[in-house]
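Just so it is clear, none of the values below were taken in a lab; they were calculated from the coordinates. None of these values were measured; they are calculated from a predicted model. Note that each Cβ is placed from the backbone with ideal geometry, even for glycine, and that neighbours are counted across all protein chains shown.
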Amino acid sequence: MWHAIESVKRGEAEVVVSAGNTGALMAMSMFQLGVIDGISRPAIAAIWPTKRGQCVVLDVGANVECDADQLVDFAVMGESFARAVLGLECPRVGLLNVGSEDVKGHDAVKGAAQLLRSAKLPMEFCGFIEGDDLAEGTVDVAVTDGFTGNIALKTAEGTAKLVVTFLRSALKRSFLSRLGAVFASGALNTLRRKLDPRAAGGGLFLGLNGVVVKSHGGTDALGFASAVDMAIDMAVGGINRNIIADRAGVRPGLASS
């Protein structure tokens, strides 16, 4: 991992893709590549399937505690990614909270919401969203701290596995259910592909002076190939140029934070 990151630092490569330890990869990347000017901390983003398409969720594990300015940074990085890689002209961005009302939540999310409402960014700020909005596809970018985001991610992954387990069990229960599974094989394969975490591209390290993607540790060739594809898309889309440009649209007082 160290030599791979070093190759990007030296300009010998444009992206790093690794299935190694997440914490070690982030620490090495921060030490060698550094953080984009104006961004306080890098974040790990994940792409989730929704009813309407896809949603970028960040942070999902890099920063357990975050203040308002850091949540704003995550919003900038998330909407920049959505425009550069997902091709969304004006992504919808929301702050994950315990309720959609303005009075709900702690000071960090309230402060971030206030800053994002006044920021001049190429996005539509939708205010606060709740956990079920992630699957609904209410927003294109969901912003949260790493503690909450990681729990939400693991819960969603576990729920997807549970649904698949229940479905397999139901389809094997009788001769008629097995026969029905044969006729519904096309639809079942579509469902399997949508729930397959290998297609998500892994964890995306945003905010670094270089493109770094963390593939799932236990993935196969397909999962690693998806991570490589995502890294290439990030480099071609100029994700870091977008982040630097969009960061200037946030209140000037945050530039030195």
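Table for the structure above
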{"quantity": "Degrees between helix 68-84 axis and first principal axis of the chain (Cα, 0 to 90, nearest 10)", "calculated": "60"}
{"quantity": "Ratio of the Cα radius of gyration of the stretch 132-175 to 2.2 N^0.38 Å, where N counts its residues", "calculated": "1.59"}
{"quantity": "Cα principal axis extents for the chain, largest first, Å", "calculated": "67, 49, 30"}
{"quantity": "Out-of-range pairs (alpha-carbon distance over 25 Å; input LYS51/LYS120; LYS51/LYS172; LYS154/LYS214; LYS161/LYS214)", "calculated": "LYS51/LYS120; LYS51/LYS172"}
{"quantity": "Residue exposure sequence - PHE147, PHE128, PHE175, PHE81 - by fewest surrounding Cβ within 10 Å", "calculated": "PHE175, PHE147, PHE128, PHE81"}
{"quantity": "Order by protection proxy (mean Cβ within 10 Å, highest first), peptides 151-160, 69-78", "calculated": "69-78, 151-160"}
{"quantity": "Principal-axis tilt of helix 107-118 within the chain, Cα atoms, nearest 10 degrees", "calculated": "70"}
{"quantity": "Angle between the chain longest axis and helix 146-171 axis [Cα atoms, degrees, rounded to 10]", "calculated": "10"}
{"quantity": "Top of GLU12, GLU124, GLU89 by mean-square fluctuation, Gaussian network on the chain, Cα under 10 Å", "calculated": "GLU12"}
{"quantity": "Within a Gaussian network of the chain (alpha carbon springs, distance under 10 Å), most fluctuating of LEU134, LEU206, LEU88", "calculated": "LEU88"}
{"quantity": "Percent of alpha-carbon pairs separated by more than 18 Å within the stretch 32-106", "calculated": "46"}
{"quantity": "Against the rule of thumb 2.2 N^0.38 Å, how large the Cα Rg of the stretch 77-219 comes out", "calculated": "1.31"}
{"quantity": "The chain, relative contact order [Cα under 8 Å, separation at least 6], %", "calculated": "30"}
